[in-house]
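J.: First the structure, then my questions, so here it is.
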Amino acid sequence: MKEEFVFLNREFEFPGPVKDISSLGSGHIHDTFLVTCADKNLSKFVLQKFNQNVFKQPLEVMSNISLVLDHLNQTNQDADFQPLYVIKTRKGDLIHQDSSDTFWRVYNFIDQSDSFDRVTQLDQALGGAKAFGQFFKLLNDVNPSDLYITIPNFHDLGIRFQQLKEAISKDVVGKVNQYKKEVAFALEREQQVAEYTKLIENHLIPTRVTHNDTKINNVLFKKGTTQGVCVVDLDTIMPGLLLYDFGDMGRTFCNNVQEEGKAEDAIFNVDVYQSLCEGFFGTIGIPLSKPEIESLKIGPWWMTFIMGIRFLTDFLSGDVYYKIGYTQQNLDRARNQFNLVADIEKKRDELAGILEASIKKYAY
Ligand code: ADP
Ligand code: GN1
Ligand code: MG
């Protein structure tokens, strides 16, 4: 085993010596590993090298996660639900801090599950949206102010737009001139950003407990099925708006290709949106006010545009935030998101109609 992992058996009480460690998933933030122990069951765990560049307060993140998991694991009655829990260190901590101040944490591995980077069947959208809907419904009993804000202004469109403008004016890696088209696409939408931001400020939209990263690959499905069994990636759980969670599902479930796919193929799939609305609004079971419903209509645009400008900002800043596998990856991701934004703009009325019909059907 690599020197880097020798601490594992010393710090965590695994059922046997660690025998194998391999990479897991395709998240952009942490380094995630599947750990296999040499006990008779070959028990498996998920190890994460925690990204402190992104999350400055690991203990606050873990406090949120612990609170939320305790609540979910006590209240979820679904027969197929797979509980997630943090494996504490031998000292009883939720996360291990090593001598070089790197943080490591361990979860149980949700075995017999699949993770997808994009939706390929309508029923996956239905199942994924039900799992996020159930997650949201159960956490509606938790007071948002009991949670730490793990990343301030995380989905603040106005602030993200300002950050892009700063990155453009600083131009630290000298790329702005070369990518005028992408920069222009974003800047042309300043008015839209102002309008949408105002819509949120002007109406009384409740702050709720939200996941804030409801990507399709953050829900695990029962192996070989379209049944969501566990929601993962809980670091960004904090007070937020429902439009963030609904919008990020729209952004990732309805894209015909994954974020890394060819930009021209990034088209918003209306049939998938229909299934997503059906799964989510059929599950959440809470009354939504008119202003909140109006805010949900702009959710997919908001989240897709925010991700596009975040990827572009990172590209223009020298790739300091997201993990990348090749030099232009953040640019490719931004182009993909911008194509999707343009398509959402074309389909705006159609998507609003689907959302309204779906909410009406459940009449709360
Ligand atoms: P990141 O913040 O980097 O996205 P995640 O916590 O989402 O990290 O983990 C990355 C991927 O690893 C997930 O998308 C999922 O596919 C897989 N994964 C994470 N936790 C578990 C788990 N407990 N059981 C099985 N797979 C998991
Ligand atoms: C990151 O952790 P992951 O890969 O699920 C990011 C999200 C973005 C997403 C884009 C903490 O999510 O906000 O939507 O990449 N998470 C953080 O794919 O920044
Ligand atoms: Mg993730």
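The values are calculated or read from the model by the stated rules, or taken from the named source; none is laboratory data. Keep in mind the model is a prediction, meaning the values are calculated, not measured. Cβ placement follows ideal geometry from the backbone for every residue including glycine, while neighbour counts extend to all protein chains displayed.
J.: Just to be sure before I move on: is Leu234 within 16 Å of ligand 3 (Cβ to nearest atom), part of a strand (DSSP E or B) and at pLDDT 95 or above in the structure I sent?
T.: no
Here's the yes/no breakdown for (1) within 29 Å of Gln227 (Cα to Cα); (2) touching a strand residue (DSSP E or B) at 6+ places or on another chain (Cβ under 8 Å); (3) in a helix (DSSP H, G or I):
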site	(1), (2), (3)
Tyr273	yes, no, yes
Phe315	no, no, yes
Gly318	no, no, no
Tyr322	no, no, no
Tyr326	no, no, no
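J.: Suppose the filter is among the aliphatic types (A, V, I, L, M), in a loop (DSSP other than H, G, I, E, B), outside the structural domain of Leu72 (by TED's automatic domain parsing) and away from ligand 1 (no atom under 16 Å from the Cβ); does Ile286 pass it?
T.: yes
J.: Checking the condition within 16 Å of ligand 3 (Cβ to nearest atom), more than 16 Å from the chain's Cα centre (by Cα) and among the aliphatic types (A, V, I, L, M), which residue from Leu59, Leu42, Leu24 passes?
T.: Answer to the check: Leu24.
J.: For residues that are basic (Lys, Arg) and closer than 18 Å to Thr102 by Cβ, scanning just the range 1-44, find the one that is surrounded by the most Cβ atoms within 10 Å (Cβ to Cβ).
T.: Result: Arg10.
J.: Out of everything in the range 311-351 that is surrounded by 21 or more Cβ atoms within 10 Å (Cβ to Cβ) and charged (D, E, K, R), what residue ends up being nearest to Asp171 (Cα to Cα)?
T.: So, considering only residues that are surrounded by 21 or more Cβ atoms within 10 Å (Cβ to Cβ) and charged (D, E, K, R), the one nearest to Asp171 (Cα to Cα) is Asp314.
Conditions (1) at positive phi; (2) among the polar types (S, T, N, Q); (3) more than 16 Å from ligand 3 (Cβ to nearest atom); (4) within 24 Å of the chain's Cα centre (by Cα), marked per residue:
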site	(1), (2), (3), (4)
Lys181	no, no, yes, no
Ala184	no, no, yes, no
Gln191	no, yes, yes, no
Thr197	no, yes, yes, yes
Asn212	yes, yes, no, yes
Thr225	no, yes, yes, yes
Phe246	no, no, yes, yes
Thr252	no, yes, no, yes
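J.: Please identify the pairs in which a residue from the range 24-50 that is away from ligand 1 (no atom under 11 Å from the Cβ) has its Cβ atom under 7 Å from the Cβ atom of a residue that is among the polar types (S, T, N, Q), counting only partners at least 6 apart or on another chain.
T.: Pairs found: Cys37/Ser43; Leu42/Thr36.
J.: Can you tell me which residue is nearest to Met62 (Cα to Cα) among those in the range 217-231 that are in contact with a helix residue (DSSP H, G or I) (Cβ under 9 Å, 6 or more places away or on another chain) and in a loop (DSSP other than H, G, I, E, B)?
T.: Gln227
J.: Shifting gears a bit: Pairs please, first residue from the range 86-114 and more than 30 Å from Gly127 (Cβ to Cβ), second anywhere and surrounded by fewer than 15 Cβ atoms within 10 Å (Cβ to Cβ), Cβ atoms under 6 Å, 6+ apart in sequence or on different chains.
T.: From the range 86-114, the pairs are Arg90/Glu13.
J.: Which residue pairs have Cβ atoms closer than 9 Å, lie 6 or more positions apart in sequence or on different chains, and pair a first residue in the range 239-257 that is not assigned by TED's automatic domain parsing to the domain that holds Thr304 with a second residue that is crowded, with 24+ Cβ neighbours inside 10 Å?
T.: none
J.: What tally of residues in the range 199-225 results from selecting those that are buried (at least 21 other Cβ atoms within 10 Å of the Cβ) and away from ligand 2 (no atom under 14 Å from the Cβ)?
T.: Within the range 199-225, residues that are buried (at least 21 other Cβ atoms within 10 Å of the Cβ) and away from ligand 2 (no atom under 14 Å from the Cβ) number 2.
J.: Further question: Suppose the filter is crowded, with 24+ Cβ neighbours inside 10 Å, of a type in the set (Ser, Thr, Tyr) and either over 18 Å from the mean Cα position of the chain (by Cα) or in a helix (DSSP H, G or I) (or both); does Thr304 pass it?
T.: yes
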